[in-house]
Amino acid sequence: MLLHLPSLWTIAIDIIAWLCIHVGVSVSISAKGLSAFNPEAWLYRQRNWEKSGRIYEVSFKIKRWKRYLPDGAALFRNGFRKRHLQNCDAAYIQEFIAETCRAELVHWIVLAFSLIFFIWNIWWVGIIMIVYALVVNIPCVITQRYNRIRLKKLLIAHNKLGHAI
């Protein structure tokens with residue numbers, strides 16, 4: 001802890017800081033054009049351990065809890081809603097895939113910001129802030145990765161069937 005503040009001030013700063021981090025990162029990243037998000041880039045690329053999405057279904061039981069996550073797009077006037085597939089057009093699916101990349105990046109950046117809480121919190125509160133960041137952001141990262149894998153499969157099927165989906 002670099003700064004020592006009274007407990008009430010510390011709690012207030014923690015709440016305000018999280019609010020600013022969540023909103024600030026979301027607004028900043030949503031301002032980037034979709035062309036900035038390449039689903040084949042290192043961060044977004046499917047890993048062998050993901051087993052084509054099966055790891056999320058079997059180990060993480062994603063189908064049980066995914067529907068309870070909020071869709072952050074509701075906070076933005078032109079936000080891209082990711083709760084349901086609107087159509088099976090190839091361009092729409094590609095846009096959806098890019099949106100999963102954008103959303104994943106937001107959650108990774110928010111998670112990284114959890115380290116700043118050690119500046120004004122005692123060490124164990126800093127740990128709580130990291131745990132909070134993990135609990136709030138990792139399910140969202142998992143969901144974006146899972147959806148991207150499924151959408152890529154849908155896009156491949158779409159292209160193989162000659163747009164007959």
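A few remarks follow.
- Residue within segment 115-123 that is under 25 Å from Arg45 (Cα atoms) and either in a helix (DSSP H, G or I) or at pLDDT 95 or above (or both) present: no
- When residues of segment 93-113 are limited to those that are touching a Leu at 6+ places or on another chain (Cβ under 8 Å) and farther than 12 Å from Gln144 by Cα, the one modelled with the highest pLDDT: Leu111
- Criterion (at pLDDT 95 or above and part of a helix (DSSP H, G or I)) met by exactly one of Ile11, Ile16: Ile16
- Scan of segment 19-34 for residues that are free of Cβ contacts under 8 Å to residues at least 60 places away in the same chain and in a helix (DSSP H, G or I), ordered by number: Leu19, Cys20, Val23, Gly24, Val27, Ser28
- Qualifying residue in segment 62-85 (condition: surrounded by 14 or more Cβ atoms within 10 Å (Cβ to Cβ), modelled with pLDDT of 95 or more and either within 15 Å of Leu155 (Cβ to Cβ) or touching a strand residue (DSSP E or B) at 6+ places or on another chain (Cβ under 6 Å) (or both)): no
- Condition met for Ala31 (farther than 22 Å from Leu154 by Cβ and loosely packed, with under 15 Cβ neighbours inside 10 Å): yes
- Any hit, segment 37-55, residues being on the phi < 0 side of the Ramachandran plot, surrounded by 16 or more Cβ atoms within 10 Å (Cβ to Cβ) and in contact with a Phe, Trp or Tyr (Cβ under 6 Å, 6 or more places away or on another chain): no
The values are calculated or read from the model by the stated rules, or taken from the named source; none is laboratory data. Source: prediction; values computed, not measured. All Cβ positions, even for glycine, are placed from backbone atoms using ideal geometry, and neighbour counts span all protein chains on display.
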